[in-house]
Amino acid sequence: MKFVPPIKLAWLRFTSCSGCQLTLLNNEDSLAELAHVVELHNFPLLSSACGNAEALDVALVEGSLTSPGEVERLLAIRRKSRLLVAVGACALTGGVNAMVKGERHKAMVSIYGKAGAEWDTFPPQPIHHFVKVDGQIPGCPPEPHELLQAIAAILHGGWPSHQVMPVCMECRINENRCLLEEDCAPCLGPITQAGCDALCPGLGVPCEGCRGVVPEANRDELYRLFITAGLSEQEIRHRLERFGAAL
Amino acid sequence: MIFGDPLEHTLREKLLSSLGQARNLWAPCLGKDGICRLQTIGAGPFPALAQPTMIPLKKLLLPYRETVWRYQSGRFRAAEMTGPFAVVGVTLCELQAVWYLDQVFAADESYQTRRANRFLVGMPCEPDSNCRCDQALMPLAGDIFIDQEQAWALSTAGEAVLHACGCTSQAEGPLPWPVGMTAQRPAITPEQYAAASDAPVWAEAASHCLSCGACSAVCPTCYCFDMLDDAALDGTVSRSRIWDNCFFAEHGKVAGGYDFRPGRAARLRFRMEHKFFGFGSLRGQNSCVGCGRCRKACPVDIDLDQIAARLKGEEGS
């Protein structure tokens, strides 16, 4: 797909923490360069002004969907965007929002009071449940450079190169101490898609799986390892569900 | 040529300072977390023994990710190369592994540039229960080997460095290879391997394998790579070479979605075939130098040697 810079780009935010937007802004050294090639039509974290362009080149979508109103907005943006890219765990899998369990009506009332009972919401859904998604940038949040690389690749008519591999590979490359092997820690590195440079295990924190599951992941064996390490079935389930790695 | 002056403290110091003058010095360094890594050591100290590092020497000769070329402002630019470097404290098995990589990448420009820039100093090691080195497996690469008393020149460059340090007379005896390490090496033949393609041990090992790729990442003779293209906002386009891994789901995939090795069992078999029997002009050369890194790194204790031993037992069953 050919684009002539500056590309008309909008950032849409649904149910999320805005951390993905912040991640793009954390590329301080590249923002001036970005401004040359991008015409920004919407970016909630920077401005409450809503762009009303009739057509967009690229829509970056952050967050999960939780209400009919959000679905309408998403559909409208899909109709006028040449490319629609899902950004971050919430948009890709529902993210931590999707952990919510139990009776929805009761939860709404207990958190928001009587007003909560009136709101029309549904359990958090990834955006691909509603629209065609042309590209995905995983992570909670994604790595700052990934957002720039995606925009740069789109400008060149492509999509960033990408290796399908688990976090363990980057963790070994960085010569980190293996938390799974040495501490029997519940690290999700073996089944989680890499690209984060094994950030968490490198800091001694077991991988939480925020970048989603690699294809053909061996969950059975990881489950066995965690049980052997003394985790309960419920603890393992919670761990896997945090970012939608449970089956 | 072999040199035999006792390596007095001053000579070791001389050697280090002579190498360090023109080269970036690297050596195995044991971290507080118990992990041994190859790191730059500046002016020393000289390690007393060789130690296997988590990621082997290939990290300097075939970096995890290297830019092959860059296209910027209408011009192609070749990748920048690292300058001369020396690695001090290399195990004998790893010197074999480097010899193997030298054969594989004999026609590779960037590898050969790094090869020309390197100087490798072997030292004695302390083998552990994972070690299965075999002196007869293949020749050594490297420039000099030193222990507490003697120095061996392994190349003409090594000879020159030793001469410059005033070490001139020949040492006696062969290199001090650890002895008795080959007992647990199963001598499996390609025929035995091929005949046991459906052996139950493959499915069993595959059920445990996490496909994490650690075994191949830490292997001193694993060298599979992928090529990736990337763009930057300023219009620069670059091509990189990055380590690949035969345990990853896309390693055996080709255009059209066909997968040469679907499933973990096929990938484990591929790794054994590549490791023990080689491909192309190196077919027939076992490239497992017996360093034991894969055994140590595997979170589920998969051991190719144990699988090979089972295959020999199960052949025809």
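Just so it is clear, none of the values below were taken in a lab; they were calculated from the coordinates. The model shown is predicted, which means the values in this text are computed figures rather than measured ones. With ideal geometry, Cβ positions are generated from the backbone for all residues, glycine too; neighbour counts draw on all protein chains shown.
Remarks
- Summed side-chain charge close to A:Gly139 - residues other than A:Gly139 whose Cβ falls under 14 Å, Lys, Arg +1, Asp, Glu -1: -4
- Relative contact order of chain A, defined on C-alpha pairs under 8 angstrom at six or more residues apart (%): 18
- Kyte-Doolittle at least 0.5, axis length at least 18 Å by Cα - qualifying DSSP helices, chain B: B:92-104
- B:Ala157 versus B:Thr67: modelled label distance in nm, points set 7 Å from Cα along the beta carbon direction: 2.5
- Rh (Kirkwood; distinct C-alpha pairs) - the protein assembly as shown, Å: 26.6
- Relative to the longest principal axis of the Cα atoms of chain A, helix A:144-155 runs at roughly 50 degrees.
- Each residue, B:Asp198 and A:Glu216, gets one label point 7 Å from its Cα in the Cβ direction; the gap between the two is 2.1 nm.
- For the peptide A:174-184, the mean number of other protein chain Cβ atoms found within 10 angstrom of a residue's Cβ is 5.
- Pairwise FRET efficiency - A:Glu54 versus B:Lys253, Cβ, R0 = 51 Å, nearest 0.05: 0.80
- The angle between the Cα long axis of helix A:219-228 and the longest principal axis of the Cα atoms of chain A comes to about 50 degrees, rounded to the nearest 10.
- Look at the dipole of chain B built from charges on Cβ: of B:Gly42, B:Thr221, B:Ser110, the Cα furthest out on the positive end belongs to B:Ser110.
- Within 10 Å of the Cβ of each residue in A:147-154, the mean number of Cβ atoms contributed by other protein chains is 3.
- Label-zone membership for region B:212-250, site A:His128, 7 angstrom Cα→C-beta point, backbone N under 17 Å: B:249-250
- Eligible lysines near B:Lys58 by straight Cα distance, threshold 24 Å, same-chain separation 8 or greater: B:Lys32, B:Lys275, B:Lys296
- Computed from the Cβ-Cβ distance with R0 of 30 Å, the FRET efficiency linking B:Thr182 to B:Gln112 stands at 0.40.
- Averaged over B:223-234, number of beta-carbon atoms from partner chains that fall within 10 Å: 5
- Its Cα centre serving as origin, region A:7-155 has a Cβ charge dipole (Lys and Arg +1, Asp and Glu -1) of approximately 600 debye.
- Computed across chain B, the Kirkwood radius stands at 21.3 Å (inverse of mean 1/r, all Cα pairs).
- Cut-off of 10 Å, at most 14 other beta carbons, DSSP loop: longest stretch of chain A lacking such GluC sites (Glu not before Pro): A:104-247
- Percentage relative contact order, chain B, counting C-alpha pairs under 8 Å, at least six apart: 22
- Charged-residue dipole, Cβ positions (Lys, Arg, Asp, Glu), region B:2-164 about Cα centre, Debye nearest 20: 880
- The label-point distance for B:Ala22 and B:Glu80, in a model that sets each label 7 Å from Cα toward Cβ, rounds to 2.3 nm.
- Rounded to the nearest 20 debye, the dipole size of the protein assembly as shown about its Cα centre is 1040 debye, using +1 on the Cβ of Lys and Arg and -1 on the Cβ of Asp and Glu.
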